[in-house]
Amino acid sequence: MQPILLISLPIFVIGLIEDLSAKISPLWRLMFILLSIGSAFLYLDIGISSLGFLWTDNLLSYPIIGLMFTLLVVGGAVNSVNVIDGYNGLMSGYAMLASTAMAIVAYQLGDVLIVQLDLLLIASILGFFLLNFPMGKLFMGDGGAYFIGLMLSMIGLVFVSRHDELSNWFVLLLLMYPMFELLFSIYRRKIIHNTPASEPDPYHLHTLIHKILVKRHPQGDKIMNNSLTAPFLWVLSLVGIIPAVFWFDNKWALISWACLFMLIYIVIYRRIQSRYV
C-alpha cells in the first residue's frame, strides 16, 4: 500500500494546489498525472500489456508502446473520474460501487491483498461520502478526484497482473461510465461544437439531468436537486459494473457490455437533449 500512496503523491499534490489556487494550467496537471502513472508502470511493473488480440498484444509487448498506451488510458481514466465530480455523491458513490465490484471478484479469486486495498479505498471514500451526500457539507476537489481515479486504475491493473484469467477489459468496464463521459465530451466539443477539448461546457450528462430536475422542481431545494442527480448516474454506471462482476473472465462478454453501455449512454443523452434542452 505504501508504494501506491507514494506514487499517487504527485497527482494529489497538483490537484490540491489547483483547488487552493486555481492557477495550475492543464499542461502542468497533465504532466503530474503522467508522472504518477509512469512511476506506477516502472516501479510497480504494472501496465496495459494485453487487450486479448494478437496484433495489439504484439504491439504492447514493446515496452515503450506499452508505456505510452498505459499513460494514455490511465491518464484518461484519472481525468474522467474528475469530470464526473460535479454533484453531491456522484463521483464518490460511483467509486465505491466500482471498488465493491472489484472486491467481490477478488474475493472469488481468493486475492486477499486486492480485497484489502479495495476495502481501504471504500472506507476512505465513505467518510467523505457521508458528509458530501446529500447535504453537501464537504467537497472532494481535484486533488481527491485525481487520487481516487488513480487508485481505482492502479488497484485494477495490479489485480489483473496477479491473475491470468482476468482481462484488462474487466477494469475498463468498471471504469466505463466516467471514461465514456470523457470521450463523449471530447467528441461533443471538438466535432459538434468545434471548441477546444479542454474547454468546459454545460452539456455533460449529469449537468443535463440536473437541469431536468431544476425544471421539474423550480421551487425545490437547490441542495436536494443537486443530490438527486447522482442516483440516476449510479444506476447507469451499474450497466457496466454489474456485468463486469459476472463475466470478469470472459473477454467477449466484457467487450459486448462495454459496447452496450456506450449505446445506452448515447440513447439516453440524445433523448434528454432532444426533449429537454
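Nothing in this text is a laboratory measurement; each read-out follows from the coordinates by a stated rule. No experiment lies behind these values; they were computed from the predicted model shown. Here the Cβ is made from the backbone with ideal geometry for all residues, glycine too, and neighbour counts use every protein chain on show.
Label positions at M262 and D57, each projected 7 Å from the Cα along the C-beta direction, are separated by 2.2 nm.
Within the chain, the whole DSSP H helices whose Cα atoms reach 18 Å or more along their own axis and whose mean Kyte-Doolittle score is at least -1.0 are 2-21, 26-43, 63-83, 90-108, 112-132, 141-161, 229-246, 251-276. Express the Stokes-Einstein translational diffusion coefficient of the stretch 1-56 in µm² s⁻¹, to the nearest whole number, given a Kirkwood radius over alpha-carbon pairs, 4 °C and a viscosity of 1.567 mPa s. Estimated diffusion coefficient is 102 µm²/s. Computed over the alpha carbons of the stretch 1-150, Rg followed by Dmax gives 16.3, 50 Å.
Computed on the stretch 2-276, with alpha-carbon pairs under 8 angstrom and 6+ residues apart, the relative contact order is 23 percent. As a proxy for reagent exposure, ranking E199, E181 by other Cβ atoms within 10 Å from fewest up yields E199, E181. By the count of other C-beta atoms within 10 Å, a proxy for reagent exposure, S185, S99 are ordered fewest to most as S185, S99. Computed extension gain for A197 through F139, at 0.36 nm per residue and net of the alpha carbon distance, reaches 18.4 nm.
With the convex hull of its Cα atoms as the shape, the stretch 106-237 has an orientation-averaged projected area of 9.9 nm². In this calculation the C-beta distance from L120 to L72 is compared with R0 = 22 Å, giving a FRET efficiency of 0.20.
Once both labels are positioned 7 Å from their Cα atoms along Cα-to-Cβ, the gap between D249 and I223 label points is 4.8 nm.
At full extension, I4 and L113 could sit 38.0 nm farther apart than now, given 0.36 nm per residue minus the alpha carbon distance. The ranking of W252, W257, W55, W247 by Cβ neighbour count inside 10 Å, starting from the fewest, reads W55, W252, W247, W257.
Stretching Y187 away from L44 to a fully extended chain increases their span by 48.2 nm, per 0.36 nm per residue minus the current alpha-carbon distance. Under the convention that each Lys and Arg Cβ holds +1 and each Asp and Glu Cβ holds -1, the size of the dipole of the chain around its Cα centre is about 1100 debye.
Helices in the chain, meaning DSSP H runs of at least 4 residues, each add -39500 (n - 2.57). Divided by all residues, the mean residue ellipticity at 222 nm is -25000 deg cm²/dmol.
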